[in-house]
Amino acid sequence: MKKILILNGPNLNMLGLREPEIYGSDTLDDIKGWCLEKANELGVDVDFRQSNHEGELVTWIQQARGDADGLIINAAAYTHTSVALHDALKTLDIPIIELHISDPEKREKFRHISYIQPVASEVIKGLGAKGYVLALEKLFKLL
Ligand code: CA2
């Protein structure tokens, strides 16, 4: 069975609790539930994780080497700052989808740069929380 790792960065555990006008009212647990349902339908194994710590995300990316067949990452604020995540992702030779609930390019200027995009096969953004399910379908096709 193909294994897909879904990684979520800092503050995404707050989804549904604040800023619903930007991120909607679904929680990260709701999103995890949809992803597991879709995984069941597609016949893949999904490992869904969140961390507020850059180093922990780097470690999980390193562990994906030889273990995961594909990766979806919403690196949240680390998207715009993290050379460490960029370097870690660059070592993977599996398809990577960069995902955002909002469209960072339509927001503040500091969100316009992405350190993830140069190492991603695809970018999905601005489609709300349902973007996770779309990313899973897209990644499945790439496997
Ligand atoms: O749109 C996205 O998915 C983002 O990756 C979300 C990040 C933001 O820094 C990126 O520019 C775009 C922020 C995630 C924080 O989510 C919160 C949710 C509720 C309350 C506070 C933060």
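For the structure I just gave you, tell me whether I124 is open to solvent by less than 40 Å² (accessible area, probe 1.4 Å), β-branched (V, I, T) and within 16 Å of the ligand (Cβ to nearest atom). It would help to see each step written out before you state the result.
Values: open to solvent by less than 40 Å² (accessible area, probe 1.4 Å): yes; β-branched (V, I, T): yes; within 16 Å of the ligand (Cβ to nearest atom): yes.
Taking the combined requirement at face value, the residue satisfies it.
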What number of residues within the stretch 3-31 are more than 9 Å from the ligand (Cβ to nearest atom), over 15 Å from Y132 (Cβ atoms) and buried (at least 16 other Cβ atoms within 10 Å of the Cβ)? 1
Could you say whether any residue in the stretch 80-94 is closer than 21 Å to G24 by Cα, of a type outside the set (D, E, K, R), out of contact with any helix residue (DSSP H, G or I) (no Cβ under 7 Å at 6 or more places or on another chain) and modelled with pLDDT of 95 or more? no
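Looking at the stretch 37-57 only, could you name the residues that are assigned to a helix (DSSP H, G or I) and among the hydrophobic types (A, V, I, L, M, F, W, C)?
To start, the set of residues in the stretch 37-57 that are assigned to a helix (DSSP H, G or I) comprises 37-42, 54-57.
Of everything in the stretch 37-57, those that are assigned to a helix (DSSP H, G or I) and among the hydrophobic types (A, V, I, L, M, F, W, C) turn out to be A39, L42, L57.
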Name the residues in the stretch 115-143 that are aliphatic (A, V, I, L, M), touching a Leu at 6+ places or on another chain (Cβ under 9 Å), farther than 10 Å from I72 by Cα and in contact (Cβ under 8 Å) with a residue 60 or more places away in the chain, would you? A129
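Kindly evaluate I72 against the criterion of being within 12 Å of the ligand (Cβ to nearest atom), part of a loop (DSSP other than H, G, I, E, B) and either of a type in the set (S, T, N, Q) or out of contact with any Gly (no Cβ under 7 Å at 6 or more places or on another chain) (or both). Quick ask: steps written out before the conclusion?
Working: within 12 Å of the ligand (Cβ to nearest atom): yes; part of a loop (DSSP other than H, G, I, E, B): no; either of a type in the set (S, T, N, Q) or out of contact with any Gly (no Cβ under 7 Å at 6 or more places or on another chain) (or both): yes.
Here the answer is no, as I72 does not meet what is asked.
For the stretch 88-103, does any single residue satisfy the condition of being in a loop (DSSP other than H, G, I, E, B) and without any contact (Cβ under 8 Å) to a residue 24 or more places away in the chain? Lay out the reasoning, then the answer.
Step one: of the stretch 88-103, the residues in a loop (DSSP other than H, G, I, E, B) are 91-95, 101-103.
Still in the running and without any contact (Cβ under 8 Å) to a residue 24 or more places away in the chain: 93, 103.
The answer is yes; a qualifying residue exists.
With the structure loaded, tell me whether K90 is of a type outside the set (D, E), more than 10 Å from the ligand (Cβ to nearest atom), surrounded by fewer than 14 Cβ atoms within 10 Å (Cβ to Cβ) and under 16 Å from the mean Cα position of the chain (by Cα) or whether it fails that test. Please lay out each step first, then the result.
Details: of a type outside the set (D, E): yes; more than 10 Å from the ligand (Cβ to nearest atom): yes; surrounded by fewer than 14 Cβ atoms within 10 Å (Cβ to Cβ): yes; under 16 Å from the mean Cα position of the chain (by Cα): yes.
When the stated conditions are applied, K90 passes them.
The values are calculated or read from the model by the stated rules, or taken from the named source; none is laboratory data. Given the structure is predicted, the values throughout are model-derived calculations rather than measurements. Because the Cβ atoms are built from the backbone with ideal geometry, glycine has one as well, and the counts that use them run over all protein chains shown. We work out accessible area using only protein heavy atoms, side chains counted, and drop any ligands, DNA or RNA first. Shrake-Rupley method; radii C 1.70, N 1.55, O 1.52, S 1.80 Å.
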